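This report concerns only the one structure given below.
The values are calculated or read from the model by the stated rules, or taken from the named source; none is laboratory data. Computed from a predicted structure; not experimentally measured. All Cβ positions, glycine included, derive from the backbone under ideal geometry; neighbour counts span all protein chains shown. Side chains included, ligands, DNA and RNA excluded: accessible areas come from the protein's heavy atoms. Shrake-Rupley method; radii C 1.70, N 1.55, O 1.52, S 1.80 Å.
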Protein chains: 2
Amino acid sequence: MAHSRQRRLFLGMAMLAFLAIGPARAAQSAPERAALDLMPVPESVNLRDGRFRVDDSLSVGGQAAPGDRAFGAAARFMSRVAARTGIFLKQDFLAARGSAADGAVRYEFTRPGKLEPLEDESYSLIVNPGKVVLSAPTDIGVLRGFETLLQLLSSDQAGYYIPCVEIIDRPRFTWRGLLIDSGRHFQPVEAIKRNLDGMAALKMNVLHWHLTEDQGFRVESKVFPRLHELGSDGLYYTQAQIREIIEYAADRGIRVMPEFDVPGHSTSWFVAYPEFASAPGPYAIERRFGVAEPAFNPADERVYPFFDKFFGEMAALFPDPYLHIGGDEVEGRHWDANPAIQAFKKKRGLADNHALQAYFNTRLLKILTRHGKKMVGWDEIFQPGLPTDIVIQSWRGTEALVESARKGYQGILSNGYYIDLCQPAETHYLNDPIPSGSTLDEAQRKLVLGGEATMWSELVTPETIDSRIWPRTAAIAERLWSRPSVRDVGDMYRRLAVVSLRLEELGLTHLKNQGMMLRRLAAGPDIGPLEVLAQAVEPLKNYQRHSQGVTYTSLSPLTRFVDACAPESMAARDFRIKVESFISSGDRESAQELRKTLTAWKNNHTLLLPLIARSPALKEIEPLSLTLAEAAETGLTALAHIEKGEKPSPDWAEGGRGKLNEAAKPMAHAELAVVRAVGRLLEACAGPAGRGPVRDIM
Amino acid sequence: MAHSRQRRLFLGMAMLAFLAIGPARAAQSAPERAALDLMPVPESVNLRDGRFRVDDSLSVGGQAAPGDRAFGAAARFMSRVAARTGIFLKQDFLAARGSAADGAVRYEFTRPGKLEPLEDESYSLIVNPGKVVLSAPTDIGVLRGFETLLQLLSSDQAGYYIPCVEIIDRPRFTWRGLLIDSGRHFQPVEAIKRNLDGMAALKMNVLHWHLTEDQGFRVESKVFPRLHELGSDGLYYTQAQIREIIEYAADRGIRVMPEFDVPGHSTSWFVAYPEFASAPGPYAIERRFGVAEPAFNPADERVYPFFDKFFGEMAALFPDPYLHIGGDEVEGRHWDANPAIQAFKKKRGLADNHALQAYFNTRLLKILTRHGKKMVGWDEIFQPGLPTDIVIQSWRGTEALVESARKGYQGILSNGYYIDLCQPAETHYLNDPIPSGSTLDEAQRKLVLGGEATMWSELVTPETIDSRIWPRTAAIAERLWSRPSVRDVGDMYRRLAVVSLRLEELGLTHLKNQGMMLRRLAAGPDIGPLEVLAQAVEPLKNYQRHSQGVTYTSLSPLTRFVDACAPESMAARDFRIKVESFISSGDRESAQELRKTLTAWKNNHTLLLPLIARSPALKEIEPLSLTLAEAAETGLTALAHIEKGEKPSPDWAEGGRGKLNEAAKPMAHAELAVVRAVGRLLEACAGPAGRGPVRDIM
């Protein structure tokens, strides 16, 4: 099993993270905007004196009628204000009859927006002490404005209010997507819905729904019912559910673009139809992950009428103008081994497998065009002669995006937005689809439509998917909506913490499922020491979890300690910042706080041991916890040395370095997220002479 | 707005709780069964030496094929074992092809069970060190047995295991239901589904789905689409969703019985069809709660063809043999005020409104019979001459149940199982459908089919419904499944705590939503002091929340502090038990623990104040928190007096009593659940002379 897409990507990401360190530190600041908790940061914010008080007389009104998109958004706005404030609003904001044409909050728009790229999503918001007016060319703009208004809701001693402000806002990119992979792990309807709510809160507008994979065919086909019957273990979306989700998304101004990944990543199709594969069957649903060998047979004329019928059915089911055909990571071995395919290539003058896939795509393109859909595919589908209304999605990198833009093709960026890799939000945040040094001209820049966060689901279940998506995806949403100059990492994290809490009101489980998972592991309610450890730990990054001595399959439990840990620990980040602050300033207050944190980590191991003794599922974290305690002890000693202005003995420093190097290694499929910062303390007290080994873990 | 059903019920419950105190304390114990955490307690448990080890070689097999109920149950069993233990099981337990006919765990059954009352749900379970055999006459029995097996899963130093045991089990009552009221507050599909999983885990077998109310018409009608279009604010179940839920329930051995409440509780129907009401329209969806006046007009011949078509449609949609027509709380005023109805009564010789309703029911009965359904209704539908295959659901009390049984009618009990009233689990647990002193003969007893917990949803949203249902409903489930002699309240609570945690693995939010709600209230992540307060607080019982100076409607926020508090605080219960233990034994260890708890409560107020200052939504809890601190201080002083063997001054005691009487009053729609126990400490130190006032709050 190879992870080629992932492996290549990893290198790209690592470089990116490395390069990003510079600009991040030197980011611009926008003090006025930063005073608010808005995310994504609007184009223009003009804060004024005065407050619009929110009390039980709050009312909303506009020209929309029940059933309209804007009416629903207004009702949800009122409901969320009530939920957050506990105020018993007097207005019957759901009233189907006599709905208000005006209110203390008035919304107005010129026309219903269309769910397609380049649609106008701009809005303006004017908050005066007695009136809020939200205006937009389209009702989609109204939706975006209501989300801003909810982010403006604040409180003071007198109660709740919205600050007086004038906001003019519009997105930088028109394509701001989230890919959810329902193939590798099925995600039930409610998981999709609550994430659509999260997307809407961050003004994202494309759900890229990865519906077929080696591990499962997840959509009901009425034309070829054996596809989902045999290819899904019963875990698929009915067409009624698909329509329900499309409608739910449309109500939130979100397009739903389906992906049916062909000719590779297609094992689950062949359980029902082995005759369309390049190698003889029978086939079973793939449980392992990676790049599998099965692929459609482009040389077999029967596959095209099949696709014609299938894509015809799906084109009618999904209203989006775009349909994604995948096209990535065709392994090629089954093509090479099939004499009929080899003969076909020769006959057609197809030089290699890339040419063969280009032939296949050209046939598919005709089919999609006949059914009124524009084609989207991963980098690999790019080839000369394609019509320019297709969209290339780049997992390989910005260079690929630049290359296709130069040739006149539209593109979206996903490289650098692989949220399944458990990278920090900062990494994604600083990854710009059009970096500041870009050599693309104005016309070419317009071809870069935006980007998509990709929630590949090898290691993600309905229990953990929210914590893998949120809050980090909010940073990507801001990158795609806000001006390129909005790059203050510290301010992003400040607002991200606020956003993360507010996302909970939408039913998202990214915070609350941690306690549930830890209680299950402890088989008891008292999880304090587990929570302390979890704050210092992050899951292994990139694809490291796949090389820890066990093979993950689609049936493996993802309920271990590592799965309960957030991809990015905010506590670890705070610790790192405090360490740097202490090292640079040496202030006593920072020292005091660091000592408190380090002492808690040091003492935690003893508190955790009884829990581990009672639960075999926790056994694997004993070394992790012990190592944290030891690292904390090293940190405490280093701290004391620095405070006293004493240099530690070379032996102690050498020993500490060795321990920290060990502590940085993977344990229980996770890693200690605080070792690097402890190493900084050690380095700070031991001085330059001792730098060598510690550098290894930095 | 009256609350007649509720008001009468309240009196019944209060009496019941009072009477129950005796037997509870003197309950039987079954030490062997109690050593396990099984709930409901099986009929017979024979624990043996030896352990069946659970490791990655665990496998399951039986005669069922993919798509069968038992196959699904076996797959869920494996998946839950993996999730709880973190073990990477080797068996591909989902495999659609070549599914195992045998395994380390083998299940066998004779026939598929029917989803109807009196079906055989028995099973036997034999666990040997090398083999588990689960046998049942029906596949429904197999489902019940898998749940027992999951409750048996234990751990020791060597890992996970199932203790060797022989279990023979069958339910005492055939009707073990949960009513979910989707009318007053709509509950989305996933809320219903996760609660179905909770029901299955507790071996419950009837979802009584209350689908229409004054506040909403929640089911799609294709025959009369205006019903849901105008009567639901868009919050209704599509027929596809209804079928999805019925199938989901059937997979878990649960019947779905719909209720369409007529002729009262029907305002939402009249938004579309005012012509069927007893008073002229127009009508709007009711937002307030209570017994509303609108009712169908039984004198209008047009209503019967309407019901014939409507119930015909619903009879086809819901496969259950029973259909519930409600029939409760017809207010009568609109009937009295309508001259045509008065004339009709005279002409037909119908003496009063009860007779008029009986006439209406008789017409409905014919309609239901024509569509192949048996009728179920609340107490009020009872009248002479009904066929004996109907079922009476008693909200009035066991007497009503006895009365109908004597007359040959089947009945189910809901009085005493009103879980919306926030009563302790103990109260429901000791409420037996056939109390030990029952004078019913054997044949009459058989007519008592069982009971139903009722989750009326005036004050319940999708966010809070789980915490209002669980874990207390597990005590009702045990009452309806286990032998009547299983009445050890302490042991019930011990097992309830285990069950509560395990229910989380099914996605139930009863525990994890508290943190989410408190974070929203605090508008921040640090909620420690709020959690401490929440442990000492319970929502007001019975219908008291409706008389706190605000009018709850179906649009009111249920996001306040009171909504985050569990209906029954286990911490408060533990405190009460420790107080009693200390008073009776005077041991120092109990004193130490009480002091620790009381000191935490006393100090909590200072910690909470900054949070309150930052959040207007928390303002209302300041008196609650202050009062807890003061009560704790009183408790600490009393404790110190008792330990020293000193009597406090009469003035202090008098002051303390006054304070505690104040502390027992409602605040922020909630009450302190620990005041009574503090009063016991005060009484214990102040002695008999001071008993008077404190008695008031006991």
- Item | Enumeration of residues in the range A:231-259 that are open to solvent by less than 10 Å² (accessible area, probe 1.4 Å) and either modelled with pLDDT under 95 or more than 23 Å from A:Trp175 (Cβ to Cβ) (or both) | A:Gly231, A:Ser232, A:Tyr237
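Results for (1) touching a strand residue (DSSP E or B) at 6+ places or on another chain (Cβ under 8 Å); (2) of a type in the set (Phe, Trp, Tyr), shown as yes or no for each residue.
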| site | (1), (2) |
| --- | --- |
| B:Val81 | yes, no |
| B:Asp102 | yes, no |
| B:Thr110 | yes, no |
| B:Leu134 | yes, no |
| B:Asp139 | yes, no |
| B:Leu143 | no, no |
| B:Trp175 | yes, yes |
- Query: Looking at (1) without any contact (Cβ under 8 Å) to a residue 12 or more places away in the chain; (2) under 30 Å from the mean Cα position of the chain (by Cα), can you tell me which one A:Lys347 breaks?
  - Reply: (2)
- Query: Is it the case that some residue within the range B:509-521 is closer than 14 Å to B:Ala425 by Cβ and in contact with a helix residue (DSSP H, G or I) (Cβ under 6 Å, 6 or more places away or on another chain)?
  - Reply: yes
- Message: I'd like the full set of residues that are open to solvent by 20 Å² or more (accessible area, probe 1.4 Å), under 17 Å from B:Leu202 (Cα atoms) and small (Gly, Ala, Ser), limited to the range B:102-129.
- Response: B:Ser124
- Message: Which condition from (1) surrounded by fewer than 24 Cβ atoms within 10 Å (Cβ to Cβ); (2) in contact with a strand residue (DSSP E or B) (Cβ under 8 Å, 6 or more places away or on another chain) is the one that B:Ser457 breaks?
- Response: (1)
- Task: Kindly indicate which of B:Tyr552, B:Tyr493 is buried (at least 18 other Cβ atoms within 10 Å of the Cβ), farther than 30 Å from B:Thr148 by Cβ and touching a residue at least 40 places away in the same chain (Cβ under 8 Å).
- Result: B:Tyr552
- Among A:Val165, A:Val132, the single one that is closer than 27 Å to B:Ser554 by Cβ, open to solvent by less than 10 Å² (accessible area, probe 1.4 Å) and more than 14 Å from chain B (Cβ to nearest Cβ) is A:Val132
- Note on the structure: Among the residues of the range B:100-127, the number that are of a type in the set (Lys, Arg) and more than 32 Å from the chain's Cα centre (by Cα) is 1
- Message: Yes or no: the range B:220-240 includes at least one residue that is touching a residue at least 24 places away in the same chain (Cβ under 8 Å) and under 30 Å from B:Arg445 (Cβ atoms).
- Response: no
- Query: Going through the range B:269-292 one residue at a time, which ones are touching a residue at least 60 places away in the same chain (Cβ under 8 Å), open to solvent by less than 30 Å² (accessible area, probe 1.4 Å) and outside any loop (DSSP other than H, G, I, E, B)?
  - Reply: B:Val291
- Looking at (1) more than 8 Å from chain A (Cβ to nearest Cβ); (2) open to solvent by 30 Å² or more (accessible area, probe 1.4 Å), which is the only condition B:Asp92 fails? (1)
- Within the range B:536-569, work out how many residues are over 21 Å from B:Leu608 (Cβ atoms), within 20 Å of the chain's Cα centre (by Cα) and of a type in the set (A, V, I, L, M). 1
- State which residue is farthest from A:Trp470 (Cα to Cα) when the search covers only the range A:555-575 and only residues that are in contact (Cβ under 8 Å) with a residue 24 or more places away in the chain and open to solvent by 30 Å² or more (accessible area, probe 1.4 Å). A:Leu555
- Item | Candidate set from the range B:44-70 (those that are facing chain A (nearest Cβ under 10 Å) and at pLDDT below 95); member that is most open to solvent (accessible area, probe 1.4 Å) | B:Gly67
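Consider A:Pro610 carefully, then state whether it is part of a helix (DSSP H, G or I), within 20 Å of B:Tyr160 (Cβ to Cβ) and open to solvent by 40 Å² or more (accessible area, probe 1.4 Å).
When the stated conditions are applied, A:Pro610 passes them.
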- Result of the Cβ filter at 9 Å on the range B:55-73, keeping first residues that are outside the structural domain of B:Leu149 (by TED's automatic domain parsing) and partners that are modelled with pLDDT of 95 or more, at least 6 apart or interchain, is none
- Query: Looking at the range A:186-205, is at least one residue touching a residue at least 12 places away in the same chain (Cβ under 8 Å), away from chain B (no Cβ under 14 Å), among the polar types (S, T, N, Q) and over 27 Å from B:Pro462 (Cα atoms)?
  - Reply: no
- Task: Scan A:Leu608, A:Leu660, A:Leu624 and give me the residue that is under 30 Å from A:Met517 (Cα atoms) and touching a strand residue (DSSP E or B) at 6+ places or on another chain (Cβ under 7 Å).
- Result: A:Leu624
- Query: When you go through (1) within 11 Å of another protein chain (Cβ to nearest Cβ); (2) not in a helix (DSSP H, G or I) one by one for B:Gln241, which number turns out not to apply?
  - Reply: (2)
- Item | Hits in the range B:147-162 (condition: within 12 Å of chain A (Cβ to nearest Cβ) and either within 32 Å of the chain's Cα centre (by Cα) or crowded, with 21+ Cβ neighbours inside 10 Å (or both)) | B:Leu153, B:Ser154, B:Ser155, B:Tyr160, B:Tyr161
- Message: If I filter the range A:652-659 for residues that are within 14 Å of chain B (Cβ to nearest Cβ), out of contact with any Asp or Glu (no Cβ under 6 Å at 6 or more places or on another chain) and without any contact (Cβ under 8 Å) to a residue 60 or more places away in the chain, do I get at least one hit?
- Response: no
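To keep it simple, each residue is scored yes or no on (1) open to solvent by less than 10 Å² (accessible area, probe 1.4 Å); (2) part of a helix (DSSP H, G or I).
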{"site": "A:Glu331", "(1), (2)": "no, no"}
{"site": "A:His334", "(1), (2)": "no, yes"}
{"site": "A:Ile341", "(1), (2)": "yes, yes"}
{"site": "A:His354", "(1), (2)": "no, yes"}
{"site": "A:Gln357", "(1), (2)": "no, yes"}
{"site": "A:Thr362", "(1), (2)": "no, yes"}
- Message: For the range A:135-146: of the residues being surrounded by 24 or more Cβ atoms within 10 Å (Cβ to Cβ) and free of Cβ contacts under 8 Å to residues at least 40 places away in the same chain, which is farthest from the chain's Cα centre (by Cα)?
- Response: A:Ala136
- Right, A:Gly437: at positive phi, without any contact (Cβ under 8 Å) to a residue 40 or more places away in the chain and surrounded by fewer than 20 Cβ atoms within 10 Å (Cβ to Cβ) or not? no
- Which one of A:Ser625, A:Ser649 is in contact with a Leu (Cβ under 8 Å, 6 or more places away or on another chain) and either in the same structural domain as A:Phe582 (by TED's automatic domain parsing) or free of Cβ contacts under 8 Å to residues at least 12 places away in the same chain (or both)? A:Ser625
- Message: Of all residues being open to solvent by 30 Å² or more (accessible area, probe 1.4 Å) and among the small types (Gly, Ala, Ser) in the range B:508-534, which is nearest to the other protein chains (Cβ to nearest Cβ)? Just the residue, please.
- Response: B:Ala523
